[in-house]
Amino acid sequence: MIRDSITGEYTLVGATRGARPNEYRDGPSLGCPFCPGNEAQTPPELARIGEREWRVRAFANKYPAVVPPEGAHEVIVDAPTHDVEITREGMEMWRERYGALRERFPHGWPVLFKNRGAYAGATILHPHTQAIAVARRPVRWEAMTQAARAGAGCPWCAEIHAARERGLVVAEHDAAIAYVRENSRFGWALTLAPLECSLSLDRASEAAWTGAGALLAAAVEVLLGNLGAASPFNVLVPSDPHAAPGTFHWHLELVPRLATLAGFELASGMFIRSALPQESAERWRRMFTLPHGPL
Ligand SMILES: [Zn+2]
Ligand SMILES: [Zn+2]
């Protein structure tokens with residue numbers, strides 16, 4: 001990790017990242033490195049679900065963005081096939097690996113995310129999720145904690161309450177809510193938040209985790225069903241185990257990648273949002289079907 005002494009920004013250095021195969025650019029590999037039978041193409045397994053035949057698998061990233069002692073970078077293959085993106089067992093593994101990284105870097109900051117499609121930063125077609133832990137909390141997160149400390153109570157609980165009053169809720173059941181953030185950086189992003197207020201996903205109740213997961217799975221289905229199976233998106237799982245109690249509220253965020261980061265964003269660090277929140281919520285609502293029960 002390097003720090004720019006002029007801007008104060010930290011940057012990870014993944015010196016082997018350039019050697020990654022890119023199936024979106026070069027076409028599918030002859031033998032998909034994440035499919036059953038090709039396990040030898042990945043670093044040693046860290047965890048799996050399934051005995052003789054695995055259904056979910058986790059291993060260190062072969063081309064890491066960060067390495068110990070500055071952090072760690074893992075891959076979770078959510079399913080043995082290419083036809084499903086979000087699975088209940090895959091999400092069980094998200095929690096397990098998140099907890100493992102949190103223990104390994106007790107003062108650091110782990111994050112889970114999914115990149116799907118070249119536009120969203122993916123290079124391998126097989127559905128997968130990644131976990132990165134950095135040994136120090138990012139500057140942006142320190143700033144969020146400071147801001148939350150200055151307020152009264154959890155700002156996310158307040159935002160969920162306001163979303164109901166402002167017509168920004170897309171779907172809600174007894175454990176979780178899907179809504180559009182009024183002041184989000186992204187025009188079409190959907191936030192899937194548990195109603196239970198908890199700092200970190202690995203400490204969430206089972207109902208909160210599977211409830212939010214069911215909304216995420218439904219939202220991804222809506223996205224791919226309406227915008228096409230090749231639609232690029234990211235899933236972010238913001239969670240902050242070391243924040244002060246009541247200053248953060250873990251959640252899932254689905255970000256359709258309808259726009260790229262262009263010159264203004266790179267120059268300013270400021271995003272340009274392309275849709276008003278009510279417009280975005282209304283569009284999501286028209287497409288959304290509430291899932292029956294947990295994921
Ligand atoms: Zn595959
Ligand atoms: Zn909260």
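Would you please name the residue that is surrounded by the most Cβ atoms within 10 Å (Cβ to Cβ), looking only at residues in segment 51-62 that are in a loop (DSSP other than H, G, I, E, B) and touching a strand residue (DSSP E or B) at 6+ places or on another chain (Cβ under 7 Å)?
ASN61
May I ask you to list pairs of residues, at least six apart or on different chains, whose Cβ atoms are under 9 Å apart, with the first in segment 29-49 being away from ligand 2 (no atom under 16 Å from the Cβ) and the second being charged (D, E, K, R) and part of a loop (DSSP other than H, G, I, E, B)?
Filtered contacts from segment 29-49: PRO33/LYS62; PRO36/GLU53; GLN41/LYS62; THR42/LYS62; PRO43/LYS62; ARG48/ARG55; ILE49/ARG55.
Residue by residue through segment 134-171, note down the ones that are modelled with pLDDT of 90 or more, away from ligand 2 (no atom under 16 Å from the Cβ) and under 30 Å from GLU9 (Cα atoms).
VAL134, ALA135
Name every residue in segment 123-174 that is part of a loop (DSSP other than H, G, I, E, B), of a type outside the set (D, E, K, R) and away from ligand 1 (no atom under 16 Å from the Cβ), in order of residue number.
Passing the criteria: ALA135, PRO138, GLY151, ALA152, GLY153, CYS154, GLY167, LEU168, HIS173.
Of everything in segment 1-34, what is in contact with a strand residue (DSSP E or B) (Cβ under 8 Å, 6 or more places away or on another chain) and either surrounded by fewer than 11 Cβ atoms within 10 Å (Cβ to Cβ) or more than 27 Å from ALA79 (Cα to Cα) (or both)? Give them in sequence order.
MET1, ILE2, ARG3, ASP4, GLU9, TYR10, THR11, LEU12, VAL13
The values are calculated or read from the model by the stated rules, or taken from the named source; none is laboratory data. Predicted model only: the values in this text are computed from it and were never measured. Because the Cβ atoms are built from the backbone with ideal geometry, glycine has one as well, and the counts that use them run over all protein chains shown.
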